[in-house]
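These notes are about the structure you will find just below.
The values are calculated or read from the model by the stated rules, or taken from the named source; none is laboratory data. Worth saying up front: this structure is predicted, and the values here are computed from it rather than measured. Positions of Cβ are backbone-derived with ideal geometry, glycine not excepted, and every protein chain shown enters the neighbour counts. The accessibility values were calculated without ligands, DNA or RNA, using every heavy atom of the protein model including side chains. Shrake-Rupley method; radii C 1.70, N 1.55, O 1.52, S 1.80 Å.
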Amino acid sequence: MNQQLKWAYNTFSGSFYNTFITFISLVIFGFIASNLVGFISTSEWAVVTENKRLLLVGRLPQGEEWRAWSILWISSFLIFSSLNIFVKPSIKELIFISVIFVSVCLIFITQDALFNVIIFTTLSLGSYLFAKYISQTPYITIFRKLLVFMWISIIPLMFLVLIIGDGPKPTLWGGFLLNIILAGVAISIGFPLGLLFALGRASQLPAVKIVCTIYIETIRGAPLVGWLLLAWFVLPKFLPEFWNLNETSVVIRAMIILSAFTSAYTAEVIRGGLQSIPKGQIEAADSLNLNLYTKLTLIILPQAIRVVIPALISTFIAVFKDTSLVFVLALTDILQVGRIIPEQDPQFFGKALEALSVVAFLFWIVSMALSNLSTRVERSMGIGTR
Amino acid sequence: MKNTSKKEIGKEIISTTDITKSFGKFQALKGITSKVFEKEVVVVFGPSGSGKSTYIRTLNRLEPHDSGQIIIDGVELNDDVKNLQHVRSNIGMVFQQFNLFPHLSVLRNITLAPQKVKGMKRSEADDIAMSLLKRVGIPEQADKFPSQLSGGQQQRLAIARALAMQPKIMLFDEPTSALDPEMIKEVLEVMTELAESGMTMICVTHEMGFAREVADRFLFFDEGLIVEEGTPDHFFNNPKEDRTKLFLSQIL
Ligand SMILES: Nc1ncnc2c1ncn2[C@@H]1O[C@H](COP(=O)(O)OP(=O)(O)OP(=O)(O)O)[C@@H](O)[C@H]1O
Ligand SMILES: [Mg+2]
């Protein structure tokens with residue numbers, strides 16, 4: 001029997017109970033799918049097509065879009081070459097990725113952006129193929145290192161692109177760009193910080209332990225919105241004058257709060273991992289005379305982090321979605337754009353569903369990519385587990 | 001029967017004087033005085049909870065002792081970090097539960113310490129690791145991960161890992177107790193070979209056949225004290241203490 005037949009056989013011939021469940025699932029699935037198709041084909045998508053710019057980059061001034069496009073190009077190079085080098089997707093996954101890629105392009109393509117979208121597509125495809133080519137040459141190791149380095153420096157790089165040569169005020173950053181940047185900063189600052197706090201809380205020095213515990217529990221003790229409001233009213237009083245941070249921006253304040261928030265949650269996740277390390281690992285390391293640094297970086301942390309990768313990625317996904325809460329700081333992230341337009345632009349009254357479903361779609365793509373990554377990383381690390 | 005009798009015992013290398021150790025109110029060691037000489041093989045045995053593990057774990061300070069004195073290779077074990085490092089670099093330890101690093105390959109398990117502690121070059125460490133893997137009989141497993149090895153192979157890897165630091169003394173804490181019977185032999189063979197090569201060894205074990213063959217001296221522990229001490233012949237032919245007789249009758 002071939003695969004499909006076997007599948008059909010197993011699915012449809014089991015017990016009555018199995019058949020029943022299968023049937024119900026199919027009905028529900030069919031219902032949802034037909035409604036979805038109906039919704040997509042009968043809706044007016046002008047609310048999205050006319051407001052792409054707002055959704056994607058917010059109020060980034062005319063003539064500054066090249067900054068956003070450059071970020072997109074760098075990312076597409078990174079994502080698509082890494083896809084080939086690190087992820088190695090199967091045919092099924094490739095098709096899936098292409099479908100999503102094409103839908104995103106279709107949603108956001110316009111005449112004036114046509115040129116840029118073409119570059120974007122060419123670059124993505126090109127990077128993928130280039131990576132495929134290079135992985136057969138000896139340059140692969142250098143290329144791999146370059147990619148890792150670029151991933152590490154992607155956030156500073158984004159900043160550079162946004163700020164360089166008299167860039168627009170950060171308060172003008174908005175749309176999906178803002179969500180991505182906020183999440184990127186929160187994760188890339190919050191993760192290392194959280195690592196330190198987790199180690200501090202697990203430390204045997206009472207003072208360090210207490211300080212870290214208080215920090216973690218305080219941050220986790222209040223909702224993010226509460227902290228953001230606090231940032232609005234209180235943080236300016238603490239930020240050093242000379243950086244000019246007070247006027248500079250609420251964006252910086254949002255970053256500080258989001259990073260602190262991420263670090264507290266990450267710290268607890270990692271602490272869970274630290275506790276899962278058997279005492280024998282540390283005794284073995286001690287008996288081999290490894291010093292504290294080696295013990296931490298090569299024995300304890302690699303094992304602790306591996307255990308908590310799913311929880312860690314969940315935290316990151318949550319943080320990414322939480323970035324939409326920055327509306328309380330009067331910032332216009334993509335969700336805010338999607339909410340405001342159908343309310344305030346008479347032309348699009350009542351089109352909230354269309355606007356918000358596209359917003360949801362974008363959030364979903366990123367979240368799904370992250371959770372897929374988590375399964376990947378787990379699987380690739382699975383070999384050395386006990 | 002005893003093929004190590006011609007071995008020359010060297011100078012004193014471990015000396016403990018009246019060491020005690022308590023866990024909370026419970027006193028696990030109640031004053032242990034012992035000496036071990038270079039190239040000597042000492043087997044420690046006794047009932048469960050008698051303090052055998054605690055004793056050998058104080059020797060590389062996995063358990064700091066409360067009072068008394070421990071001198072290893074002329075260096076006193078105390079809070080001084082330099083002393084501790086000197087002592088640990090001279091002592092290798094093998095655990096009942098192997099305690100291998102599950103995220104590192106077999107080869108990396110061995111080369112980690114030489115590279116990070118001794119600053120050895122990777123190629124050099126690899127060579128040493130491969131020769132040790134040959135010595136313990138698993139050179140073909142170098143690129144696997146510990147979880148892919150059998151229990152006996154894992155314990156042999158643990159021995160190789162400890163040997164890679166070229167210790168003067170090896171401590172074994174019930175190295176075969178977690179193993180299936182058919183794997184015990186392969187580990188004991190490695191340990192026998194090690195003993196014959198002149199390694200100073202302290203083994204907590206109840207494998208009396210092995211003990212009788214390779215040990216120079218037995219220490220019998222009970223309730224935190226060394227109750228009786230002597231050659232294997234002494235223990236097998238005319239043990240003095242009643243407690244010793246009782247325990248031996250139970251395990252033999
Ligand atoms: N970390 C610890 N905390 C509390 N009690 C401990 C600890 N380690 C050992 N003990 C106690 O000290 C006593 C001696 O323990 P030890 O492990 O040295 O015994 P042992 O002779 O090795 O026994 P076994 O044959 O079961 O391994 C035991 O009663 C044990 O419960
Ligand atoms: Mg024990």
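Laid out as a table, the results:
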{"quantity": "Cα gyration tensor, segment A:174-386 - rounded (a/c under 1.5), prolate or oblate", "calculated": "oblate"}
{"quantity": "Where the Cα pairs of segment A:53-159 fall when distances are cut into 10 Å bins, in %", "calculated": "13, 41, 34, 12, 1"}
{"quantity": "Computed [θ] at 222 nm, deg cm²/dmol, chain B (DSSP H ≥ 4; -39,500 (n - 2.57); rounded to nearest 500)", "calculated": "-11500 deg cm²/dmol"}
{"quantity": "Value of relative contact order over segment A:76-225, rounded to a whole percent, pairs C-alpha under 8 Å and six or more apart", "calculated": "23"}
{"quantity": "Shape box of segment A:25-102 [Cα atoms, principal axes, largest first, Å]", "calculated": "49, 38, 14"}
{"quantity": "At least 40 Å² of accessible area lost relative to the chain alone, listed for segment A:246-290 with a 1.4 Å probe", "calculated": "A:Gln281, A:Glu283, A:Ala284, A:Asp286, A:Ser287, A:Leu288, A:Asn289, A:Leu290"}
{"quantity": "Largest to smallest accessible area among A:Leu193, B:Leu59 [probe 1.4 Å]", "calculated": "A:Leu193, B:Leu59"}
{"quantity": "Hits among lysines - C-alpha to C-alpha of B:Lys21 under 30 Å, sequence gap 8 or more where chains match", "calculated": "A:Lys209, A:Lys279, A:Lys295, B:Lys11, B:Lys30, B:Lys35, B:Lys39, B:Lys52, B:Lys82, B:Lys168, B:Lys240, B:Lys245"}
{"quantity": "Rule-of-thumb Rg ratio for chain A [Cα; 2.2 N^0.38 Å; N residues]", "calculated": "1.13"}
{"quantity": "Calculated [θ] (222 nm, deg cm²/dmol) that DSSP helices of n ≥ 4 give over chain A, each run adding -39,500 (n - 2.57)", "calculated": "-24500 deg cm²/dmol"}
{"quantity": "Global size of chain B as Cα Rg and Dmax, reported in angstrom", "calculated": "18.0, 56"}
{"quantity": "Residue-averaged beta-carbon neighbours from other chains (10 angstrom radius) around B:108-118", "calculated": "3"}
{"quantity": "Largest to smallest accessible area among A:Phe86, A:Phe143, A:Phe233 [probe 1.4 Å]", "calculated": "A:Phe233, A:Phe86, A:Phe143"}
{"quantity": "Overall Cα dimensions of segment A:296-362, principal axis frame, Å, largest first", "calculated": "61, 24, 11"}
{"quantity": "Averaged over B:94-105, number of beta-carbon atoms from partner chains that fall within 10 Å", "calculated": "5"}
{"quantity": "Normalised contact order of chain A, rounded percent, pairs of Cα under 8 Å and 6 or more residues apart", "calculated": "21"}
{"quantity": "For segment B:20-80: rounded, prolate or oblate by the Cα gyration tensor [a/c cutoff 1.5]", "calculated": "oblate"}
{"quantity": "Farthest toward positive dipole pole in segment A:54-176 [+1 Lys/Arg, -1 Asp/Glu at C-beta], among A:Ser103, A:Leu125, A:Leu83", "calculated": "A:Leu83"}
{"quantity": "Inter-chain shielding of B:165-174 (mean C-beta neighbours from other protein chains, 10 Å cut-off)", "calculated": "1"}
